[in-house]
Amino acid sequence: MIHQRLVQIVDAALASATARSGDHLACRPGCSQCCHGVFEISALDAQRLRDGLAEADAAASARILARVAQARARLAPFFPGDPSTGVLRGSEEETELFEEWAHADPCPILDPESQTCDLYAHRPILCRTFGPPIRNDAADPAAGLAICELCFTAASDQEIAAAEMDSSFRTLEQSLESDYAAHNPSAGPTIVAFAFAAEAR
């Protein structure tokens, strides 16, 4: 897997936040609300997913690719980008409208029976950080903490603050994404369903 160091740092930060969250964190296997709806992932995230697919056994890979094909067929007419490469090219407004339109679409790597991720170890950074309180804009001290709406429903402000996930990995993430872009100039941000476009490999 590429850039294992970033994944290890993020997973360690998640483990720490999970331990400090206690029962306030609702995330469990089978809880898949955050696995519905489209969202932007980086080209680096997309490469990680492709690496995971390459490591999956033949049966799992076939199931994933079948769901990917179905998702692409549903989403392609409204995809604000190039469906052949999977790269998002639309304006911020177009992307937001697309995300609103597809807000209930299941992630194609979500197993519909178990409601768990078939490429969990290779999932995007956003998937690894969604749930515990996290400051997505670490450079802005006034930025609020993002939290899954199912979590911390009965927590005090102090309990939420005490469980904040360390987001200092953002600097490394941005550096790695910039390096990946420099070596893969045709790559770009995408969504999970289009991360497996043949041209993006």
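Return the only residue of Phe169, Phe194 being of a type in the set (Phe, Trp, Tyr) and touching a strand residue (DSSP E or B) at 6+ places or on another chain (Cβ under 8 Å).
Phe194
Show the residue pairs that are 6+ apart or on different chains and have beta-carbon atoms under 9 Å apart, the first residue being within region 68-91 and under 14 Å from Pro189 (Cβ atoms) and free of Cβ contacts under 8 Å to residues at least 24 places away in the same chain, the second being assigned to a strand (DSSP E or B) and among the small types (Gly, Ala, Ser).
The qualifying pairs are Gly90/Gly81.
Considering every residue within region 30-50, establish whether at least one is among the acidic types (Asp, Glu) and either touching a Pro at 6+ places or on another chain (Cβ under 6 Å) or at pLDDT below 95 (or both). Can you show your working first?
Going residue by residue through region 30-50, those that are among the acidic types (Asp, Glu) are 40, 45.
Among the residues that remain, those that are also either touching a Pro at 6+ places or on another chain (Cβ under 6 Å) or at pLDDT below 95 (or both) are: 40, 45.
Yes: region 30-50 contains one or more residues that are among the acidic types (Asp, Glu) and either touching a Pro at 6+ places or on another chain (Cβ under 6 Å) or at pLDDT below 95 (or both).
How many of the residues in region 124-146 are assigned to a loop (DSSP other than H, G, I, E, B), modelled with pLDDT of 90 or more and either farther than 20 Å from Ile9 by Cα or in contact with an Asp or Glu (Cβ under 8 Å, 6 or more places away or on another chain) (or both)?
Going through region 124-146 one residue at a time, the tally reaches 3.
Regarding Arg89, is this residue touching an Asp or Glu at 6+ places or on another chain (Cβ under 7 Å), of a type outside the set (A, V, I, L, M) and at pLDDT below 95?
Against the criterion (touching an Asp or Glu at 6+ places or on another chain (Cβ under 7 Å), of a type outside the set (A, V, I, L, M) and at pLDDT below 95), Arg89 qualifies.
Does region 136-152 contain any residue that is among the small types (Gly, Ala, Ser) and in contact (Cβ under 8 Å) with a residue 60 or more places away in the chain? First the steps, then the outcome.
As a first pass, look at region 136-152 and keep what is among the small types (Gly, Ala, Ser): 138-139, 142-144, 146.
Now restrict to residues that are in contact (Cβ under 8 Å) with a residue 60 or more places away in the chain: none.
Within region 136-152, not a single residue is among the small types (Gly, Ala, Ser) and in contact (Cβ under 8 Å) with a residue 60 or more places away in the chain.
Please specify each residue of region 157-201 satisfying the condition of being of a type in the set (Asp, Glu), within 14 Å of Ser42 (Cα to Cα) and free of Cβ contacts under 8 Å to residues at least 40 places away in the same chain.
Listed by number, the list holds a single entry, Asp179.
For region 38-54, enumerate the residues that are of a type in the set (D, E, K, R), closer than 20 Å to His183 by Cα and surrounded by fewer than 22 Cβ atoms within 10 Å (Cβ to Cβ). Talk me through it step by step, then tell me what you get.
Restricting attention to region 38-54, the residues satisfying the condition of being of a type in the set (D, E, K, R) are 40, 45, 48, 50-51.
Okay, now just the ones that are also closer than 20 Å to His183 by Cα, so 45, 48, 50-51.
Matches in region 38-54: Arg50, Asp51.
If you go through region 82-98 one residue at a time, how many are at negative phi and either among the small types (Gly, Ala, Ser) or assigned to a strand (DSSP E or B) (or both)?
Matching residues across region 82-98 total 6.
Does Cys27 satisfy the condition of being over 18 Å from Arg170 (Cβ atoms) and touching a strand residue (DSSP E or B) at 6+ places or on another chain (Cβ under 6 Å)?
So Cys27 fails the test.
Rundown of residues vs (1) within 19 Å of the chain's Cα centre (by Cα); (2) within 11 Å of Val38 (Cβ to Cβ); (3) of a type in the set (Ser, Thr, Tyr); (4) outside any helix (DSSP H, G or I), yes/no style:
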{"residue": "Asp51", "(1), (2), (3), (4)": "yes, no, no, no"}
{"residue": "Arg67", "(1), (2), (3), (4)": "yes, no, no, no"}
{"residue": "Arg74", "(1), (2), (3), (4)": "no, yes, no, no"}
{"residue": "Pro77", "(1), (2), (3), (4)": "no, no, no, no"}
{"residue": "Ala104", "(1), (2), (3), (4)": "yes, yes, no, yes"}
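The values are calculated or read from the model by the stated rules, or taken from the named source; none is laboratory data. Please read these numbers as outputs of a predicted model, since none were measured by experiment. When we count neighbours, we look across all protein chains shown, and the Cβ atoms used for this are built from the backbone with ideal geometry, even at glycine.
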